[in-house]
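The values are calculated or read from the model by the stated rules, or taken from the named source; none is laboratory data. Given the structure is predicted, the values throughout are model-derived calculations rather than measurements. Here the Cβ positions follow ideal geometry from the backbone for every residue, glycine too, while neighbour counts run over all protein chains shown. In case anyone asks, the SASA skips ligands and DNA or RNA and just uses the protein heavy atoms, side chains included. Shrake-Rupley method; radii C 1.70, N 1.55, O 1.52, S 1.80 Å.
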Amino acid sequence: LVGFSPAATILAQTPTEQLIKDTLQPLSSEKSGLFVLQFSTSGMTESAARAYTSIVAQNINNTNRFNVTYLEEAEEQIQTSAPELLPCFEIGCGIQIGKILKAKWVITGHISLTDLGSFILTVKLVNIFDNSLVFEETMRFNDANMDRRMYLLSTRIARNVPLIGLIIEANNKIAIISLGEQDGISVDDQLIIYRKDIIRTASTSNLPKT
């Protein structure tokens, strides 16, 4: 689900090719911060759980939907500002750490090693501002299918977080938005355009107020 707040709506009969040429510039979008808390564990060492935490964080970062703060960087900051929160393996202190890091999302998880040699990973994505549980999933994986399972997990996490952008130019044929491949948008994604407000600029000053 993707929402867009129009910054400007241009109704001039600009040729499509020229419109694309004029607006197709590198665009910056604000990605929300995300912190992956070190996973708790059973049946395996803490260092192994830490390694899997980093793997999940890397896969989420690859979706381009978030600014991910990695565990080592987070611990370095927290050790200076709030060392009493470390070590942290549960959502309560994880939310406090996320607020210090100015993140919007925190992921917590538990990983265990089964008697058959496979792994069971449970992850939860929580909105730091209202403590709401946005996403939860339990998956089983092994060394052979780990890469694929981690990729699918991170994709599902990204898809459960709304991506908000702007309409930066439009005519009666096309609309140019401030999001693209670098933000995790791909071909066949469905976008929802909604009218929130209009930012008054030189190009929109003659538009009617709403």
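Name every residue in the stretch 103-122 that is of a type in the set (A, V, I, L, M), surrounded by fewer than 20 Cβ atoms within 10 Å (Cβ to Cβ) and within 17 Å of residue 151 (Cα to Cα), in order of residue number.
Restricting attention to the stretch 103-122, the residues satisfying the condition of being of a type in the set (A, V, I, L, M) are 103, 106-107, 111, 113, 116, 120-121.
Restricting the remaining residues to those that are surrounded by fewer than 20 Cβ atoms within 10 Å (Cβ to Cβ) gives 113, 116, 120.
Listed by number, the list holds a single entry, 120.
For the stretch 114-137, indicate whether the set of residues that are assigned to a strand (DSSP E or B), closer than 16 Å to residue 53 by Cα, free of Cβ contacts under 8 Å to residues at least 40 places away in the same chain and among the acidic types (Asp, Glu) is non-empty.
yes
What are the pairs with Cβ atoms under 8 angstrom where one residue, in the stretch 70-99, is part of a helix (DSSP H, G or I) and the other, located anywhere, is open to solvent by 10 Å² or more (accessible area, probe 1.4 Å) and charged (D, E, K, R)? Sequence gap at least six, or different chains.
Close Cβ pairs (under 8 Å, with a partner that is open to solvent by 10 Å² or more (accessible area, probe 1.4 Å) and charged (D, E, K, R)) amount to 71/50; 91/124; 98/104.
Six or more apart or on different chains, Cβ under 9 Å: which pairs go from a residue in the stretch 165-185 that's under 18 Å from residue 63 (Cβ atoms) to one that's in a helix (DSSP H, G or I) and hydrophobic (A, V, I, L, M, F, W, C)? Could you list them?
Correct list of pairs: 184/158.
Are any residues in the stretch 150-163 touching a Phe, Trp or Tyr at 6+ places or on another chain (Cβ under 8 Å) and either surrounded by fewer than 17 Cβ atoms within 10 Å (Cβ to Cβ) or acidic (Asp, Glu) (or both), and if so, which ones?
156, 160
Could you check, for the stretch 62-69, whether at least one of its residues is over 21 Å from residue 154 (Cβ atoms), under 17 Å from the mean Cα position of the chain (by Cα) and in contact (Cβ under 8 Å) with a residue 24 or more places away in the chain?
No, that holds for no residue.
When the residues of the stretch 159-210 are narrowed to those that are closer than 30 Å to residue 124 by Cα and of a type in the set (D, E, K, R), which ends up modelled with the lowest pLDDT?
The residue in question is 183.
For residue 147, state whether it is without any contact (Cβ under 8 Å) to a residue 60 or more places away in the chain, assigned to a loop (DSSP other than H, G, I, E, B) and either in contact with a Phe, Trp or Tyr (Cβ under 7 Å, 6 or more places away or on another chain) or not aliphatic (A, V, I, L, M) (or both). Spell out the reasoning first.
Values: without any contact (Cβ under 8 Å) to a residue 60 or more places away in the chain: yes; assigned to a loop (DSSP other than H, G, I, E, B): no; either in contact with a Phe, Trp or Tyr (Cβ under 7 Å, 6 or more places away or on another chain) or not aliphatic (A, V, I, L, M) (or both): yes.
Answer is no for this residue.
Quick check: is even one residue across the stretch 73-84 aliphatic (A, V, I, L, M), surrounded by 18 or more Cβ atoms within 10 Å (Cβ to Cβ), within 21 Å of the chain's Cα centre (by Cα) and more than 19 Å from residue 159 (Cα to Cα)?
Residues of the stretch 73-84 aliphatic (A, V, I, L, M): 74, 78, 82.
Next, only the ones that are surrounded by 18 or more Cβ atoms within 10 Å (Cβ to Cβ) stay: 74, 78.
Subsequent filtering for residues that are within 21 Å of the chain's Cα centre (by Cα) retains 74.
Now restrict to residues that are more than 19 Å from residue 159 (Cα to Cα): 74.
Scanning the stretch 73-84, I find at least one residue that is aliphatic (A, V, I, L, M), surrounded by 18 or more Cβ atoms within 10 Å (Cβ to Cβ), within 21 Å of the chain's Cα centre (by Cα) and more than 19 Å from residue 159 (Cα to Cα), so the answer is yes.
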